[in-house]
1. Could you give the C-alpha radius of gyration of the stretch 6-165 expressed as a fraction of 2.2 N^0.38 Å, taking N as the number of residues it contains?
2. Hey, can you rank 12-18, 105-111 by average C-beta count inside 10 Å, highest first?
3. Counting other beta carbons within 10 Å of each Cβ, put Lys173, Lys185, Lys19 in order, fewest first.
4. Near Lys58, which lysines are there with a Cα under 20 Å away, not counting those fewer than 8 places off in the same chain?
5. Could you work out how much longer the chain between Asp219 and Arg71 gets when fully extended? Use 0.36 nm per residue separation minus the Cα distance between them, nm to one decimal.
6. Among the lysines, which have Cα under 19 Å from the Cα of Lys217 when same-chain residues fewer than 8 positions away are ignored?
7. When you count, for each residue, the other Cβ atoms within 10 Å and take the mean per peptide, how do 215-222, 31-38 rank with the highest first?
8. Report relative contact order for the chain in percent, whole number only (criteria: Cα-Cα under 8 Å, sequence separation at least 6).
Amino acid sequence: MERLCLLSVHAHPDDEASKGAATVARYHAEGVRTVLVCCTGGEAGEILNPAMDRPEIKANLASVRRQELARATEIIGYDQVDLLGYRDSGMPGAECNAHPDCFAQAPLDEAVGRLVAVIRRERPQVLVTYADDHGGYEHPDHIRVHEITGPAFDAAGDPDAYPGAGEPWQPLKIYYSAWSAARMKALHAKFLELGLESPFSKERLNRAGMDDRITTKVDISGFHDVRRAALIAHATQIDPSSPFWFGLPPEIVAYPYDDYILARTLVEGPGREDDLFAGLRVPTGS
């Protein structure tokens, strides 16, 4: 491989902070090129931090969220950020689901083509996206991210597909980011151990997860604080008093892994992995 490159596909500004931020930071520190595709501008997002719920913020939410994205991606260590150019579709059932410029309304072929162009330019071996099982979170944009990434994986290497989108390049692996039940249980146990009230209800802890599908556990030791800092950078979307995100002391590491599902691969590798680039690295001394 001439270089290693990891390309993450996310729906909105802040998704890159809540999902896999520490993984990206680790690979960036190792010298892997890290690229983010953010499909929408987050224009329809609610302001979830009371301190930011001000008229001037609401009036310029798209611009504010772009600024937040720039700060967060600098903290994480993304080398390149590409905006796919679609409007936020809003939550399921919202009026903005029907906006002609929103991601959910975009022709699938067009959206796939935009992602293909980025893949061919950046030449990643590994893509990270959202799973087919949405875990009860049926946001139209998250569903759309999943719908375009698989076809783009195939089309990027096909010389007959999207001939105007650059020289063909075939990625080799797709992973789904996963929030495991094991993570929730470890966090819950640590809250109780420290005598703190856990934000995880019994119902949530008993909810079926995707643990049986998880293939890859990336050790994020030394990088766990990156997600916290990146989340705080999204000041309109993250309440700094949230016990879910910030209830444990910052020095506490209850679960030192990011979990992934290897969804597709064109290379042989171990059944269980600790590296998104398993099977792709040149052995030392070769």
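Coordinate-derived values only; no laboratory data. This one's a predicted model, so the numbers in the text were calculated from it and none came from an experiment. Don't worry about glycine lacking a Cβ; one is built from the backbone with ideal geometry, like all the others, and counts go over all protein chains shown.
1. 1.04
2. Numbers: 12-18: 25.9, 105-111: 14.4.
Top of the packing list down: 12-18, 105-111.
3. Numbers: Lys173 26, Lys185 16, Lys19 20.
Listing Lys173, Lys185, Lys19 from fewest to most nearby Cβ atoms yields Lys185, Lys19, Lys173.
4. Of all the lysines, none pass the test against Lys58 - Cα under 20 Å, at least 8 places apart if same chain.
5. Details: separation 148, 0.36 × 148 = 53.28 nm, distance 2.43 nm.
Contour length minus the Cα-Cα distance gives 50.9 nm.
6. Hits, sequence-local ones excluded: Lys19, Lys173, Lys185.
7. Values: 215-222: 17.6, 31-38: 21.6.
The densest-packed peptide leads the list: 31-38, 215-222.
8. Values: 518 pairs, mean separation 67.3, N = 286.
Relative contact order, the chain: 24 percent.
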